[in-house]
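Please read the structure below before turning to the comments.
The values are calculated or read from the model by the stated rules, or taken from the named source; none is laboratory data. Since we're looking at a predicted model, the values are computed, not measured. With ideal geometry, Cβ positions are generated from the backbone for all residues, glycine too; neighbour counts draw on all protein chains shown. What goes into the accessible areas is simple: the full protein's heavy atoms, side chains included, and nothing from ligands, DNA or RNA. Shrake-Rupley method; radii C 1.70, N 1.55, O 1.52, S 1.80 Å.
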Amino acid sequence: MKNTALWLTEAEVAGHVPMVDAIDALERNLIEIADGAAFNVPKALGSLGDGGAMHALASASPRLGVCGFKTWVHTPNGAKAVFALFDSNNGSLLAMMEANTLGQIRTAAMTALGTRWIAPAEADDLAIVGTGRQAIAQVYAINAVRPLRRVRVWSRDAARRQAFADKVRVDLPQADVTVAGSLEAATDGASLVTVVTRATEPFFRAGLLAPHAHLNAVGAILPANAEVFPDVFDRAWAVVVDDLDNARRGSREMRERYGVDAPQWPKVQTLPDVIKRGGLANGNSGDVTVFKAMGMGLSDLAVAALTYERALAAPGTALTVPLTAAAPIQWTRD
């Protein structure tokens, strides 16, 4: 059993795991779910009132020999997450890592996988709705699987829209990046739409989607939040979620459309099954596709395990803490 564990900062997580690598690592772990070789522990959620919440996600991957927990607290004044990575064979603690950046990476990587497996192969025109902390990683992740010809940016704050567009324009020089004056202008004709906001009431209707468009709805992951109206699901010929249990528990949008255990839920596909199957199952009548991502433990675990592996291969870059010391713990550097 190891007697030391790594401590990894936000910057170290970002430095060790490029987005493309995170996407591929996550895809391998999702196949494990479909095969029954890995599992998620359902999310635990507690309300702090006034928009604050406590969260916990867990998962295990016997193939990788690891398991872990991400815990975080979100408040109107800020949020912080940490991830604890364990050896699933002997129970030793391998690493503790700051996990805000990890969360951004895995959330964007999940959107990229949904886009890779569900969106039309020729889709290259993205409307990004929302310019918060998660949004920039969403654009980069989608570009990794569908090289973008055009990006249109919309959010409620004009100054943030412009700053966001300026950054994307520099980082994706091949794309025509524009600031949209309205939600309608942003989505008009867009083959890809990603909605990633903190909206507490639905604002996105099915009529905003172009024919055969693909929608990633990834912002509303709390029961109090909602971005899309039920008619979005009604128009879709395929609705896919990352994790069905988390969607049933936490998606207000889908619960309002499908109920808690209504018969319509079997029509909702999971991304692990889509990947294992090699594509979408026969769907409903409709002309658009929808991917609803809620977050699950295995996506965090995929990124955390890869971060740990890369950190071990780069000695001297991470702090270690002794786990069996009789004296008070002293932090040291490898």
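Couple of notes before you dig in:
- Wholly enclosed helices (runs of 4 or more DSSP H) of the stretch 116-214 bearing at least 3 residues open to solvent by 20 Å² or more (accessible area, probe 1.4 Å) and more than 23 Å from VAL239 (Cβ to Cβ): 135-145, 158-171
- Conditions (1) open to solvent by 10 Å² or more (accessible area, probe 1.4 Å); (2) of a type outside the set (Phe, Trp, Tyr); (3) within 23 Å of ASP243 (Cα to Cα): number failed by MET110: (1)
- Pairing residues of the stretch 99-115 that are closer than 15 Å to LEU301 by Cβ with residues that are of a type in the set (Gly, Ala, Ser) and open to solvent by 20 Å² or more (accessible area, probe 1.4 Å), at Cβ distances under 8 Å and at least 6 apart in sequence or on separate chains, gives ILE105/ALA14.
- Any chance VAL274 is closer than 28 Å to GLN134 by Cα and in a helix (DSSP H, G or I): yes
The rows are residues; the columns are (1) in contact with a His (Cβ under 6 Å, 6 or more places away or on another chain); (2) surrounded by fewer than 24 Cβ atoms within 10 Å (Cβ to Cβ); (3) within 30 Å of GLY15 (Cβ to Cβ); (4) modelled with pLDDT under 95.
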position	(1), (2), (3), (4)
LEU271	no, no, yes, no
ARG277	no, yes, no, yes
ALA281	no, yes, no, yes
ASN284	no, yes, no, yes
LYS292	no, no, no, no
SER299	no, no, yes, yes
